[in-house]
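Notes follow once the structure below has been shown.
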Amino acid sequence: MKHLLELMNFFSKSQVMDWEKASPIHPKNRGIPIPTKNMSEGCGGCNLCETSCPVSAIQVETNEKISFDYGACIQCGECVLQCPEEKLVNSGFLYVFAKHRDSLKICYTKGNFQPEAKRPDTKNHIRFEKMTAVNGFLYREVAAAGNNSGECELNASFNSVFDSEREGVRNVASPKHADAVVYTGPISERMAGPLADAFEVIAEPKALIACGSEAVSGGLFALGTRPKEPDLFIGGDPPRPDVSIQAFRYLMGRFSFSFQEALHKILQS
Amino acid sequence: MSKPTGLFLTKADHTFYHFLLDDHKIRMEKVTDKKSPIDFLMDEKYPIWMLRHSLGSDMGAEDYSLLAEEDYLTDKRSKVLGLHQRSGHLRDLFFHGIKVPCGDESYSHAVGPIHAGIIEPGHFRFVVEGEKIRHLTIRLGFQKRHILENMYHSNLNKVMHLSETISGDSSVSYALAFTKIIESAAGINVSESVSLFRSLLVEAERIAIHIGDLGGLSEDIGYYPLFGVCVTDRGAALALMENWTGNRFGKGAVRPGGVRVNRKISANDAKKALFALKKTFKKNVEPQIKRALIDSTIKERLQGCGTLKSEDVIKHGFVGMTARCAGVMRDIRINDPNYPDWKPLALIDDSNNFSGDAWARFYIRYSEILQSLEWMEKTIEKIDWESLWSKEQVEVTTKQTECKPGIYYSTVEAWRGPIIVALCIGPNSKITDAYVRDPSVLNWHALEMAVRGELIGDFPLNNKSFNLSYVGFDL
């Protein structure tokens with residue numbers, strides 16, 4: 001019987017996530033807040049979203065102009081609840097990642113925005129992409145005062161649904177064996193040194209990856225000292241495992257993506 | 001018998017409040033017979049890790065290399081005066097450099113701050129003789145984010161968000177502890193449905209972590225059938241929280257006045273969401289756990305590994321799951337009005353499985369998942385889902401709250417054990433002083449004790465079986 005069951009396993013459907021079909025929108029998750037259609041008349045300018053945002057990611061400049069820093073956004077849904085005219089909505093959009101920090105900042109005018117022209121990759125991006133495009137990369141995870149939910153999600157990225165290893169992306173014990181450092185958390189004073197050391201011992205070309213809103217902007221805390229400007233910024237508190245892996249694929253050049261264009265498409269629909 | 005399980009020293013009036021755990025309840029009391037940290041140190045009923053966590057300060061590098069090993073490991077604090085204090089000030093448990101006694105036959109082995117797995121940083125100093133651990137010293141503090149100071153400068157809205165970062169895997173429990181305080185300070189009453197639903201969220205969090213930990217334990221003993229299933233189907237419990245709250249860890253959901261439920265799904269779907277978890281657990285996870293439980297090699301591998309005696313639990317005041325594993329019933333849900341008809345685990349009838357070893361820590365996770373699932377299934381019938389999922393219920397949580405100044409505390413039985421939060425609230429609803437005690441504060445010492453005499457190769461297994469919080473300790 002047991003052997004029969006094991007044989008059947010070969011023919012049963014795999015539950016692994018198909019990256020070609022994966023959607024940046026999750027139907028149940030809050031995701032980032034975006035303006036609704038009736039924002040085109042302006043927002044009312046009560047500033048409640050700005051003052052209630054725990055990470056100061058929102059700035060209401062005028063009645064018509066609001067800017068969001070989605071890298072800092074912890075997707076808590078506070079602004080959506082506070083808006084008295086319900087002009088913001090939890091979009092469920094989760095693919096908050098970019099190679100440049102500023103790409104995650106959006107300034108809406110009357111609830112719409114013009115996506116930026118593609119920012120050129122840095123030399124390091126190009127070298128790293130060339131090295132990893134076929135073989136993937138190994139990373140050392142450093143919890144730099146992360147609140148352990150980010151670590152939970154990175155651990156989950158190796159399970160049979162997300163299966164990070166099929167992309168050749170794996171966690172290794174020593175930074176000396178790694179190609180990249182993935183860090184979570186706002187970097188406490190006492191973790192800045194170990195993080196810098198872990199990054200330093202990696203041979204070139206190497207990448208520094210900020211995983212989670214706390215790592216990108218500090219979140220609710222002040223951001224500590226980073227060894228250098230990260231090569232990849234992943235927002236979310238914490239980012240879902242599929243989001244992290246898609247971001248890694250994007251860094252390796254296997255996933256053609258632009259945060260601003262994807263967000264723009266959602267606004268249009 | 002009441003056992004001190006927390007100690008809060010207020011900054012403003014320099015008063016000591018201790019938290020006593022007795023009869024499955026924690027109460028706060030003012031301490032009148034003690035004036036200084038040394039008075040507490042000399043009273044051995046106060047657990048040492050709790051004292052050093054509450055009262056300790058940076059006293060520079062620790063050097064115990066000249067002490068004899070038995071003096072270093074002694075429980076009699078009056079015997080070696082320099083062990084925990086220097087000139088009247090208690091040392092904290094942060095890493096400032098440490099030298100431990102190490103004989104000629106043994107060697108001292110440091111691990112951390114960055115560990116090999118995807119896990120938080122801490123410093124572990126082993127003294128090993130061949131493969132055997134003679135003793136282990138744990139020092140933390142790498143994750144310190146000054147979260148309490150941050151709270152003093154924040155409004156209550158931000159404090160609630162901060163509370164969820166105290167320890168990410170206990171987000172719901174911490175948010176609930178803070179919410180209960182703010183609600184009692186502001187005189188807010190919530191409906192029965194709301195308070196029961198919050199308990200459901202705490203239990204969902206427990207199930208998610210327990211399934212993940214069963215996977216972690218199986219990985220550490222190289223038993224992959226269960227590992228593969230658990231790390232994947234832990235997602236079912238996280239999906240339940242995502243369905244209910246919109247976040248996989250339940251962040252941003254529990255707030256003073258109510259619960260910010262996920263209105264992307266209907267009330268009816270919300271009620272049914274639990275059955276998806278139950279189905280996955282019964283169909284995929286439980287058969288594999290049962291298969292592991294009857295496998296004699298797994299039993300032999302785990303039994304007798306990292307044993308914690310029940311006398312030590314009582315003496316050192318270990319709490320929560322760690323205490324229950326050693327057969328000591330400590331569960332504050334028993335007296336909690338938000339847990340109607342809560343049935344505690346049958347620790348006495350099943351004492352073979354609760355003998356304080358790694359097996360017990362494996363077995364208890366399975367037992368607690370079943371226990372929580374059963375209770376949740378009964379409880380969803382008592383909740384008025386339509387009113388809970390209404391817009392009005394959610395909107396109440398956005399109102400500004402006015403708190404009456406004073407000192408407040410609350411406790412929640414999170415998955416690791418009881419968490420204690422005490423807040424001094426001043427004028428304009430500002431928090432002026434705070435005390436947060438994660439169960440890990442006490443239970444880290446349990447890990448130190450459990451691994452003495454064990455093989456160093458078993459350390460990852462033992463560490464995983466406790467799964468303590470670094471960040472909840474460092475704050």
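Taken together, the values in this text are just the output of simple stated rules run on the coordinates, not laboratory data. What you see is a predicted model; the values in this text were computed from it and never measured. Using ideal geometry, Cβ is built from the backbone for each residue, glycine included, and neighbour counts are taken over all protein chains shown.
Considering only B:Leu455, B:Ser410, B:Leu51, the residue lying farthest towards the positive end of the dipole of the protein assembly as shown is B:Ser410, judged by Cα position with unit charges set on Cβ.
Order these by the 10 Å Cβ neighbour count, fewest first: A:Glu200, B:Glu164.
Details: A:Glu200 11, B:Glu164 29.
Neighbour counts put them in this order, fewest first: A:Glu200, B:Glu164.
Go through the range B:111-159 and name the GluC sites (Glu not before Pro) that are in a DSSP coil and have 10 or fewer other Cβ atoms within 10 Å of their Cβ.
Those that pass, being in a loop and sparsely packed, are B:Glu131.
Taking the Cα centre of chain B as origin and assigning +1 to Lys and Arg Cβ atoms and -1 to Asp and Glu Cβ atoms, the resulting dipole is close to 1020 debye.
With only Lys, Arg, Asp and Glu charged, each at its Cβ (+1 for the first two, -1 for the last two), find how big the charge dipole of the range A:91-234 is about the Cα centre; round to the nearest 20 debye. Before the final figure, lay out each step's value.
On the way: 17 positive and 18 negative charges, 87 e Å.
Charge dipole of the range A:91-234: 420 debye, to the nearest 20.
Ranked by how many other Cβ atoms sit within 10 Å of their own Cβ, fewest first, the residues B:Leu240, B:Leu274 fall in the order B:Leu274, B:Leu240.
Which ordering of B:Thr297, B:Thr15 is given by a fewest-first count of other beta-carbon atoms within 10 Å? Show your work: numbers first, answer last.
On the way: B:Thr297 10, B:Thr15 13.
Exposure proxy ranking, most exposed first: B:Thr297, B:Thr15.
Considering all C-alpha pairs of the protein assembly as shown, those separated by over 37 Å amount to 39%.
Considering only DSSP beta bridges whose two residues both sit in the protein assembly as shown, what percent are antiparallel, to the nearest 5?
Details: 58 of 76 bridges.
Approximately 75 percent, going by the DSSP bridge assignments.
Ranking B:Ala110, A:Gly235, A:Pro84 by Cα position along the charge dipole of the protein assembly as shown, where only Lys, Arg, Asp and Glu carry charges on their C-beta atoms, puts A:Pro84 farthest toward the positive end.
Since only B:Gly168, B:Leu156, B:Gln143 are under comparison, the one whose Cα sits farthest along the positive direction of the charge dipole of the range B:132-203, derived from C-beta charges on Lys, Arg, Asp and Glu, is B:Gln143.
Placing +1 on the Cβ of every Lys and Arg and -1 on the Cβ of every Asp and Glu, with nothing else charged, gives the protein assembly as shown a dipole about its Cα centre of roughly 940 debye.
Which whole DSSP H helices in chain B pass both tests: a Cα extent of 30 Å or more along the axis and a mean Kyte-Doolittle value no lower than -1.0?
Passing helices, by number: B:192-220, B:224-245, B:358-379.
Pick from A:Gly235, A:Gly71, A:Gly45: which residue has the top mean-square fluctuation in a GNM of chain A where Cα pairs under 10 Å get a spring? Of A:Gly235, A:Gly71, A:Gly45, the Gaussian network model singles out A:Gly45 as fluctuating most. For the range B:346-471, the number of Lys pairs separated by eight or more positions or lying on different chains, with C-alpha atoms closer than 25 Å, is 4. When you filter the trypsin sites (Lys or Arg not before Pro) in the range A:200-260 for DSSP loop state and at most 16 other Cβ atoms inside 10 Å of their Cβ, you are left with A:Lys228.
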